[in-house]
Structure formats: C-alpha cells, structure tokens
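K.L.:
Before we start, here is the structure in question, set down as structure tokens.
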C-alpha cells in the first residue's frame, strides 16, 4: 500500500448533464494534451468522492414550463434542456427535490430491507408519495403559520406592544410561498383541488341542513378561513365576536386577515414574476387566502362551477405528473445507478459515504471519445492505465450497452447503404441515449490493453432482469460476447428492478382512468452494484466495516467475491427479487464455464445463516483460462498488482533482473509467510499460494516470466527486463 496508495480509482463512462457550464471529458480532451499538468488539473473537475458531491456537480437541472396550448388550456411540461427552456417562462428546480426521485429512492431502500420478493413487496405506501397528500400538508403548514403570525402581529400592535417578531415571521412565510411557486407552480394545484373538495363538502352539508331552496341559495353566514390545522372551514362572524368579547377592537383586523393576505400575496407575485400569469396568481390566492372567493359558497349553481374547476385542475395536475415521469425516468435511472454505486463502494454508504480514491465521471457520450478525440483519449487511457502507479485507474463502469444480439458488424459486405430505413421514435431515442455494441467493443479492447477492469451490462429492461433470465438467454449472450475475450472485461447480469409498472390515482377513493398516473418499470444497470462491490472490496476500512480483519499495509486485490465467507458479508442492498429459485437449466448453463459477473437472488444459507439480499454468485472476466473456464476477477487484479508494484518500486516499464530476484526473495517470501494468518481477509497470497520465477534464458531474453500459483490454477505474468 505504501507504493501503490490505492487499487480502487474508478472512471464512469456516462453522460448526465449537457449544460455548457458543466465539465465533461470530451471538452477537456479537446482542449488539452492528456499528458500535461493543465489536463490533470482540469480532470480534477470530473472527480467526485461522494454521491452528494456527484449531484452537486453533475445532476441536471429540471426546467418546469407553464404555458397555454392552442385551445387555451394550461399545461406543464418538463425538460433538462436549458435551450428549450429559455424560449419560455420556465422554473428551474433540482431533480432530486422532486417527489418522484424521492419515491424511487425509497423504493430501493425499503425493498432492500424488506426481505420480500418483487411480487410480495407492498408498495402502496411508497406509491402514495406521488399523490397530492405531501403538497397539501406542506401548504397547510404554511398557511396556518401565515394566519397565526399576522393575527399575533395585529394583536400586539393593538396592545401597543412590539410586534416585530411576528412581522418578520410573516415575511418569512411570504418568502416560503414565493420560493415554492418560483421552483414549481404545479405544486399549488393539489392544494387548490383539496380546498375545492372541502368547499363542495361545506355546500353539501349546508344544503342538507335545510330543504328550503331560498335558504340554500342565500349566502352562507360567515367566511372561509383556516382552522388550527390549516384546513379550510366556514368561520361565522358571530363566533369571532364571541371569541373577542374582551377586545372588540380585534374584530375588524381578524375579519380582514384574508383580504390583507390576498393583497400582499398578489403584490408579491407581480413584483417577483417576470411574466405574470393570471391563472397562477389566482391559484396562489385561492390556496393561501380563500376569503376573496367566499361568495362562491352561496348557490347551488356554484357547486357546478367548483366541480368544473376541480376537474380542470385535476387534469392539469395529472398531465404535469405524467410529463415529468415520461421525461425524467431515464435520467433518474442513471442518477440512481450512481447512488447505488456509492452505496456499495463506500464503507458508510448513502449520499455522504466517502470514496477516498474518487470516481471520475466522463459526462459525455462515450462514442465521441472513441471517434472525435480518439488519439487523445487513447493517450489518456494509456497514461492512467499502465503508466501511472499512485493515480492509476483500476476500474471502469460502462453501463447501458445496447444489446449486441442481431447487430451486424459494420464491415459486413451484405449491408445495402441505400436500403429503406424505418426508425420509430423509441429506436431513435435509444440510439441517441445508449452505447451501441460496436462502440462498446472498441472501448473494452482499449481498456483491456491498458489494464483497466471494466464492468459493463446490456441496457436494463424487462428482458434481462432476474425473472427473465433463461438458459437460452445465457447461451445467446455468451455467443454475442465470444469475441470480447478480454481479461479486463466483466459482463454483469441480471439487471435489477426498482419498480414494476403501477397505476396510482391522484384523487383519493376515485378510480377514474383520467386521474390515474402510470408509474413505469424502473431498472438499475447491474454494472453499478457490481462495480461498487469490487471497488468496496479494495478498501481496508470498507472490509473492516463489514466484519473482516484486515492488514492496513496490504492492498486488497486478492479478495475473492465468490468466497462464501466474503459473499455472505458483501451482499447487495437489493431485495431477493424472486419467490422461486432459478431452475436447474439456468444454473447448469452458467456453470458450464462460469460465465460473467452474476448476481443471484435464490434463498441460500451459509454457515446456517440465511442470505437475505441478492448476492454475488460469480465474479469472472470474459477471458477463458487453459481449462476453458472464465477467469476470476481477483486473479487478473493480482497480475496487475504485481506489474504495478514492480513498476512503482523500481520505476519505469522495465525491471532489472537483479531487482526481480530481490522481489522474489523479499516481498514474495514475506507474503507467503503472512499467508498462514487466515483471519486476515486481504492477505496478498493465501495459504499454499506463491509467486515464482520460471527458469528463462536470462542472458538472451528481454522477458522474464513469473507465475502466480493459486490453489486451483495459475496465471502467467510477463515482465519486461532492462
């Protein structure tokens, strides 16, 4: 560890934010030589150490647009493209503040700790987050505070006491309201809908008290106000007089509170809004000061008007929610993927779990790196892959590769360039947003040549989750990946499911199809938790946190995720997705040659302890050994470690023969001696393993051959001799 410092630095090849002010690897490479000091400084802009820091640097802003369509109907739309937003009167907001993101995050955590399969998991309470309840509660709290603080202000002022404390609180309430509609005007709708429901209820109750139509059509005696919980009520004038018998001077200020609040909020809106919208202004005053509409509660005909407004608001609300979900689900899947990486890669997990070695985020289309700046990108990967020691990148994440099945090679002579094309919208979107297989192969080859262990997966979807994997699927993927015979390529599967498609009604106890939201399937690319566990296993503090004894001076490259003792402690934070076990055909097909980095959700016991979450079943690269089996990841990492250690200790890409002999005599002997302490999980060699130098023709060869002998097989290491 003293020489290498770390074996866990990672790079993620994915685009998150296209804003010109957000850094990306393509632009940095375009403007800098990757071997210069300036480039290294610029590259630091792409490095993050926690998920919170990642969000601060790379989470895209969401722009809410409120406008009228050609029929004059109000509609809300959402985009992450500032160029689209600038043409409108938009609202900028944080994507992670949205209730949909919070709901998906809750799904991930709650499912993971539930012990339930996807079918058994009760998701009703979490889905309720998409209903208007939360916005209603927040607005009730604000308007309760608004009313109370203004009341206290008048009360103290009439008594000749200093009311400034409550004046300041009233100002703070106004600021909260202003910030609310500046961030999202749509958030006002649920409260307006709830208040209409209450007004209708009040009308119905008033009507039921008398069968006399003349009485029903007379104004309700009193005015609309809020009770102590912020809920809408009818406050009768005589009740106020009774409450204030001892201080009749308070009658008029209290009666005029709503009118005063209405006036203040309207002025606030007009002052702070660049392009005032009468619909939004009316919405604000309806939500926070309903007195101006007290006359609406006078006739039977007004109920029809209320019902009409309610239907209009509900339709706008549902369309707005649907617009956000449709536009942002793919973005949120990517953000959650990074969250899950940090959750599995850091000792503490969560948004603030710290990764000392850091994650480099490319934040650009991967295809541009291997086409538009290919030469510079190749130099960068070579420099950080095999030329660096302390700053070496050990792992890469390449998520969401478009499935290679059926994709023809570009060099095929059978392709007709003039053939008719028919690309539907979904295919076009996919080709723009995801990494095509041919580009992925180029990346995997380059990263393998420079000894960067790259974890990838085919784009997560309904066909490659735990319940969709079949023996034929595995055979197909083995065939598709047969030419990716690289020791530093890791194919991870199956992908994970956060939510299954569900419908949620935005109107309580109403199952009207027009008021139903469809929550789509949301998936997580398997490369994120796979990379997270691999990176986590390279850190001594992480291993300690998971119950292992470690040697702080050692690297952790020999940690084998397939080992049962390690497997039971380094499980994922995902629930076991299936009720039933995988069938025998799947297990046998995987076991033929131990294909891939495989997650399993079957119920198993290790040392009589049940594994409650999804766990690592296999951790293999796509390189086959002499026995026709895919090579364990830790064996390739051991090989890379020996090469980097020799480079770091004696400098340069070549080693003197005398130094190599000293290495065998000192370090290797020391590692073998320490291998007998089976309590230490990060021993460089386990008991019975060794590193030996073969008897080469030392005088006539520029290559020396080492062999790392593991307990079941061995791997060769070629050393360039100076």
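K.L.:
Considering only residues that are under 21 Å from residue 351 (Cα atoms) and free of Cβ contacts under 8 Å to residues at least 24 places away in the same chain, look in segment 1-58 and name the one that is surrounded by the most Cβ atoms within 10 Å (Cβ to Cβ).
P.N.:
So the first thing to find is which residues in segment 1-58 are under 21 Å from residue 351 (Cα atoms), and the list is 8-17, 22, 44-58.
From what is left, the residues that are free of Cβ contacts under 8 Å to residues at least 24 places away in the same chain are 44-45, 53, 56.
Numbers: 44: 11, 45: 16, 53: 18, 56: 11.
Filtering first and then ranking leaves 53.
K.L.:
Any residue at all in segment 153-162 that's assigned by TED's automatic domain parsing to the domain that holds residue 178, in contact with a strand residue (DSSP E or B) (Cβ under 9 Å, 6 or more places away or on another chain) and assigned to a helix (DSSP H, G or I)?
P.N.:
Scanning segment 153-162, I find no residue that is assigned by TED's automatic domain parsing to the domain that holds residue 178, in contact with a strand residue (DSSP E or B) (Cβ under 9 Å, 6 or more places away or on another chain) and assigned to a helix (DSSP H, G or I), so the answer is no.
K.L.:
Just to confirm my filter: which strands (runs of 3 or more DSSP E) fall fully inside segment 437-536 and include at least 3 residues that are over 19 Å from residue 360 (Cβ atoms)? Walk me through it before giving the result.
P.N.:
Values: elements: 453-458, 489-493, 496-499, 502-505, 516-519, 522-524.
Counting at least 3 such residues, we get 489-493, 496-499, 502-505, 516-519, 522-524.
K.L.:
Looking at 95, 126, 74, which one is over 30 Å from residue 261 (Cβ atoms), in contact with a helix residue (DSSP H, G or I) (Cβ under 7 Å, 6 or more places away or on another chain) and modelled with pLDDT under 85? Spell out the reasoning first.
P.N.:
Values: 95 fails: modelled with pLDDT under 85; 74 fails: over 30 Å from residue 261 (Cβ atoms).
Of 95, 126, 74, the one residue that is over 30 Å from residue 261 (Cβ atoms), in contact with a helix residue (DSSP H, G or I) (Cβ under 7 Å, 6 or more places away or on another chain) and modelled with pLDDT under 85 is 126.
K.L.:
For segment 438-478, enumerate the residues that are farther than 30 Å from residue 119 by Cα, surrounded by fewer than 22 Cβ atoms within 10 Å (Cβ to Cβ) and at pLDDT 95 or above. So that I can check it myself, show each step before the final result.
P.N.:
Narrowing segment 438-478 to residues farther than 30 Å from residue 119 by Cα: 438-454.
Within this subset, residues satisfying the condition of being surrounded by fewer than 22 Cβ atoms within 10 Å (Cβ to Cβ) are 438-439, 441-442, 445-446, 449-451.
Answer for segment 438-478, where residues must be farther than 30 Å from residue 119 by Cα, surrounded by fewer than 22 Cβ atoms within 10 Å (Cβ to Cβ) and at pLDDT 95 or above: 441, 442, 445, 446, 449, 450, 451.
K.L.:
Please determine, by comparing only the residues of segment 107-133 that are free of Cβ contacts under 8 Å to residues at least 60 places away in the same chain and buried (at least 16 other Cβ atoms within 10 Å of the Cβ), which one is farthest from residue 264 (Cα to Cα).
P.N.:
The selected residue is 110.
K.L.:
Next up: Report whether or not residue 148 is more than 28 Å from residue 198 (Cα to Cα) and in contact with a helix residue (DSSP H, G or I) (Cβ under 9 Å, 6 or more places away or on another chain). If you could, list the steps in order and put the result at the bottom.
P.N.:
Numbers: more than 28 Å from residue 198 (Cα to Cα): no; in contact with a helix residue (DSSP H, G or I) (Cβ under 9 Å, 6 or more places away or on another chain): yes.
It is false that residue 148 is more than 28 Å from residue 198 (Cα to Cα) and in contact with a helix residue (DSSP H, G or I) (Cβ under 9 Å, 6 or more places away or on another chain).
K.L.:
Looking at 600, 607, 569, 613, which is the one that is surrounded by 22 or more Cβ atoms within 10 Å (Cβ to Cβ) and over 30 Å from residue 384 (Cβ atoms)?
P.N.:
Numbers: 607 fails: surrounded by 22 or more Cβ atoms within 10 Å (Cβ to Cβ); 569 fails: surrounded by 22 or more Cβ atoms within 10 Å (Cβ to Cβ); 613 fails: surrounded by 22 or more Cβ atoms within 10 Å (Cβ to Cβ).
Going through 600, 607, 569, 613 in turn, the sole match is 600.
K.L.:
Looking at 685, 706, which is the one that is crowded, with 18+ Cβ neighbours inside 10 Å and in a strand (DSSP E or B)? Show your work before the answer.
P.N.:
Working: 685 fails: in a strand (DSSP E or B).
Unique residue meeting the criteria: 706.
K.L.:
Name the strands (runs of 3 or more DSSP E) wholly inside segment 10-102 in which the number of residues that are over 20 Å from the mean Cα position of the chain (by Cα) is 3 or more.
P.N.:
Numbers: elements: 10-12, 61-68, 74-79, 90-94.
Strands (runs of 3 or more DSSP E) meeting the threshold: 61-68, 74-79.
K.L.:
Among the residues of segment 637-674, how many are touching a helix residue (DSSP H, G or I) at 6+ places or on another chain (Cβ under 7 Å) and not in a loop (DSSP other than H, G, I, E, B)?
P.N.:
Of the residues in segment 637-674, 5 are touching a helix residue (DSSP H, G or I) at 6+ places or on another chain (Cβ under 7 Å) and not in a loop (DSSP other than H, G, I, E, B).
K.L.:
Follow-up. Please pick out the residue among 427, 375 that is in a helix (DSSP H, G or I), modelled with pLDDT of 55 or more and closer than 29 Å to residue 27 by Cα. Even if it seems obvious, please write down each step before you answer.
P.N.:
Details: 427 fails: modelled with pLDDT of 55 or more.
Matching residue, one of 427, 375: 375.
K.L.:
Looking at segment 537-559, which of its residues are touching a strand residue (DSSP E or B) at 6+ places or on another chain (Cβ under 9 Å), part of a loop (DSSP other than H, G, I, E, B) and buried (at least 19 other Cβ atoms within 10 Å of the Cβ)? Even if it seems obvious, please write down each step before you answer.
P.N.:
Just the residues of segment 537-559 that are touching a strand residue (DSSP E or B) at 6+ places or on another chain (Cβ under 9 Å), to begin with: 538, 543, 548-551, 554.
From what's left, part of a loop (DSSP other than H, G, I, E, B): 538, 548, 550-551, 554.
Scanning segment 537-559 gives 538, 548, 550.
The values are calculated or read from the model by the stated rules, or taken from the named source; none is laboratory data. Source: prediction; values computed, not measured. Neighbour counts are summed over all protein chains in view; Cβ atoms, including those assigned to glycine, are modelled from backbone coordinates with ideal geometry.
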